[in-house]
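To keep things clear, I will list the structure first and then write my remarks on it.
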Amino acid sequence: MNKTIMQLKRELWECRASFIRTPIILAGLLMLLLIVGQVTVQFKLGDNFPQPDVSNTEVESSGNGLRLQLSDDRSYEIDAADLHKLKSGELYSSHPQLLGAALGMIHIVFALVLLPILSVYFLGSLYSDRRDQSVFFWKSLPVTERRNVLTKLAAGVLGAPIFFGAAALATGIFYLVLISVYTGVFLNLPLPGLGHILSSFLGSIASLVAGWLMMSLWALPIFCWLMFCSALAKKVPFLMALGIPLALVVLEFWALGSRHIGSALGDQAKWALASLGKVIPFPDQIGIQALQMLAEPALWIGWLISALLLAASIWLRNYRYEI
Amino acid sequence: MEAVIKARGLTKTYGKTKALDGVDLDLAPGRIMGLIGPNGAGKTTLLKSILGLAPVAGELSVLGMNPRTERSRLLEQVSFIADTAILPRWLKVSEALDYMTGVHPRFERERAEAFLARTGIKRQSRVRELSKGMLTQLHLALIMAIDSKLLVLDEPTLGLDILYRKQFYSSLLDDYFDADKTLLITTHQVEEIENLLTDVIFIKNGKLCLNVAMDDLDSLYTELHVSADRVDQAQALGPIYSRSALGGKAMIFEQVERARLAPLGETKTPSLADLFVAKMEAPHRPGAPASSGLEGVA
């Protein structure tokens, strides 16, 4: 266990820039954008937003609520409960999915930036130490290649997302504070209930974690393929990782006229990305999506392929590691 | 006591070339063995097989373990520095110490710190910021702080200046080596380790052509400086090697009694470097080009 933790730490030391600094920078950038966005909204509302013509609007009590009668014969009924929510600024708490979606969009940005970073990480994971010969230093220590390969996979699938997730959550909290300040100070409305904010926030954490895990489970064969290429390539693992599937697709189409490989690969990627969009903004979808996912045979086939690719990578690291 | 290394008939072929050709080797605990051979003679292959880094045919046990199948367990007791091993450039010195402490049960951090204290290496430096000399010092500090039973050094001082090299070997003897440890060293700087070794093996074309204890060198090999007028007499005794020397020839004899040579001129035990050249250019290997062994000697 101690060794595994040390191996994970080693990966973080090596990838400090991409795993830790990138999400921090991204969070800073997003926070800046959010501030700019909020200021712009404020500006627009204040000066340019067309004010409704209220001169001909009749407002009358209807039951416990209000009835707005506009001049063009449109009328709106607002019941007492909604009126109360509106008055206390609980827009997000009356429509929690709105807050969830806003946080979800922030989280998806982090997930989408993490994906290319992970691809680069996996492509280099079992290649860069062979290229610079430091593999002989690592191999002089009592750590098996199985542990090495598996911790590298874990560092990518589970380790890096922790930092990206934390940065995403920090950005989310920042957004909540910003919205609260905007509602409270600029609109001069009472702040939304803390309970509602907390539940939205916790829901968005759960969906962030679940969305990422589901995406990773779909993308696992892709990650393992990248690692395999990294262990196999004598130079430029990227070309191998891209070239072989491309060649297979072309070959299949040329020889058989079919597109099974291409569509299988496409489906896998589509499912992986879809989990981000379907789960991250919608915490209530986690259970349904997870069940749907587990029912897909393609997922299990992907895991089988992943296991084979990992076994092959470990074998390569043991027997064919010299460039 | 159990042999540290026991090898029988080690053979390894790369394509058509035999990197190892039936090597037998025994190394007892507490010895310091020098493995000397020209480039491409099979030194690195032999070391790699001992360290479980390359599969090899034949019987091989290191500390009673199979280096291939029990590699991880073996490496808890065997440490090595490969000639090409380079510390990863992104690693910080402090991280290297943390990492070794975490993964190696026999790594003694205090020892490594003590070695490093004698150098100008800062804990916060990254490997890429260190000079070549510092880099080797760091690597050695890390490896020498492992309380291993067998230490394998493949060209440990390559590229270091003479001051560092002297420092390294004296620190290896004073601070590291003790009766429980065994060393296996390859180097091109034969003369620098000559006084250190208890055993020496020469390897040529994948075969061991010398495998003796340094103490036996006196009785097995004699170098004779003979004046020009007695060269024919000396030649008749069958030197394995001769070269021109001031006012005559210097010849090396194998298993010829020193008493028989003494009347012909000045006798002494040949230096390892001279013996190495003699063995590499031995006349009973006519196929070898004259320069083949020379690149191996500094």
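Where a number appears in this text, it was derived from the coordinates with a stated rule and is not lab data. From a predicted model like this one, the values you see are computed outputs, not experimental measurements. Cβ placement follows ideal geometry from the backbone for every residue including glycine, while neighbour counts extend to all protein chains displayed.
The residues packed around B:Ser227, meaning those with a beta-carbon under 13 Å from its beta-carbon, carry a net charge of -1 if Lys and Arg are +1 and Asp and Glu are -1. About the Cα centre, and with charges only on the beta carbon of Lys, Arg (+1) and Asp, Glu (-1), how big is the dipole of the protein assembly as shown? Nearest 20 debye, please. In debye, rounded to 20, the protein assembly as shown gives about 880. Here is the P(r) of chain B: all C-alpha pair distances, binned every 10 Å from 0, give 6, 25, 31, 22, 11, 4, 1 in whole percents. Counting only alpha carbon atoms, the long axis of helix B:93-103 and the longest principal axis of chain B meet at about 90°.
Work out the charge dipole of chain B with +1 on the Cβ of Lys and Arg and -1 on the Cβ of Asp and Glu about the Cα centre, then indicate which of B:Leu25, B:Trp90, B:Gly265 is farthest towards its positive end. Selected residue: B:Trp90.
Give me the percent of Cα-Cα pairs in region B:180-235 that sit more than 13 Å apart, rounded to a whole number. Counting pairs separated by more than 13 Å, the tail of P(r) holds 73 percent.
Cross-link pairs exceeding 30 Å between alpha carbons, from the set B:Lys43/B:Lys149; A:Lys234/B:Lys122; A:Lys139/B:Lys207; A:Lys9/A:Lys270; B:Lys132/B:Lys279; A:Lys9/B:Lys43: A:Lys234/B:Lys122; A:Lys9/A:Lys270; B:Lys132/B:Lys279; A:Lys9/B:Lys43.
Could you work out how far helix B:162-171 tilts from the main Cα principal axis of chain B, as a 0 to 90 degree angle to the nearest 10? Helix B:162-171 sits at roughly 70 degrees to that axis. Averaged over the residues of peptide A:129-139, the number of Cβ atoms from other protein chains lying within 10 Å of each residue's Cβ is 6. Above 23 Å, the calculated P(r) of region B:99-216 contains 36 percent of its Cα-Cα pairs. Taking a ≥ b ≥ c as the square roots of the Cα gyration tensor eigenvalues, with a/c under 1.5 meaning rounded and otherwise prolate when a/b beats b/c, else oblate, which class fits region B:114-170? Taking the square roots of the gyration eigenvalues as a ≥ b ≥ c, region B:114-170 is oblate. Grab the other residues whose beta carbon is less than 12 angstrom from that of B:Ala250, score K and R as +1, D and E as -1, and report the net. Local net charge: 0.
Normalised by 2.2 N^0.38 Å, with N the number of residues, the alpha-carbon radius of gyration of the protein assembly as shown equals 1.42. Taking a Cβ cut-off of under 10 Å around A:Gly159, the surrounding Lys, Arg, Asp and Glu residues balance to a net charge of +1, with basic ones at +1 and acidic ones at -1.
Helical content of chain B, expressed as a calculated mean residue ellipticity at 222 nm, amounts to -7500 deg cm²/dmol (DSSP H runs of 4 or more residues, -39,500 (n - 2.57) each, divided by residue number, nearest 500). Remark: the B:Leu163-B:Asp229 segment gains 19.4 nm on full extension, using 0.36 nm per residue and subtracting the alpha carbon distance. Computed from point charges on the beta carbon alone (+1 for Lys and Arg, -1 for Asp and Glu), the dipole magnitude for region B:1-99 about its Cα centre is near 340 Debye. Over region B:5-205, Cα pairs under 8 Å with separation of 6+ residues give a relative contact order of 31 percent. As a ratio to 2.2 N^0.38 Å, the alpha-carbon radius of gyration for region A:250-323 is 1.51. Quick one: what does P(r) look like for region A:214-302 with 10 Å bins over all Cα pairs, in whole %? P(r) over region A:214-302, rounded to whole percents: 16, 38, 31, 14, 2.
When the charge dipole of region A:164-323 is built from unit charges on Cβ atoms (+1 for Lys and Arg, -1 for Asp and Glu) and taken about the Cα centre, the candidate among A:Val279, A:Ile173, A:Leu304 whose Cα reaches farthest toward its positive end is A:Leu304. All alpha carbon pair distances within region B:1-150 were sorted into 10 Å bins beginning at 0; the resulting P(r) in whole percents reads 10, 35, 31, 20, 4. At full extension, A:Leu248 and A:Leu308 could sit 19.8 nm farther apart than now, given 0.36 nm per residue minus the alpha carbon distance.
Between A:Phe186 and A:Gln292, what's the calculated FRET efficiency when r is the beta-carbon distance and R0 is 35 Å? Round to 0.05. Here the calculated transfer efficiency is 0.25. Note: relative contact order over region B:91-220, using C-alpha pairs below 8 Å and six or more positions apart, is 19 percent. Its alpha carbons give region B:179-281 an Rg and a Dmax of 14.7, 52 Å.
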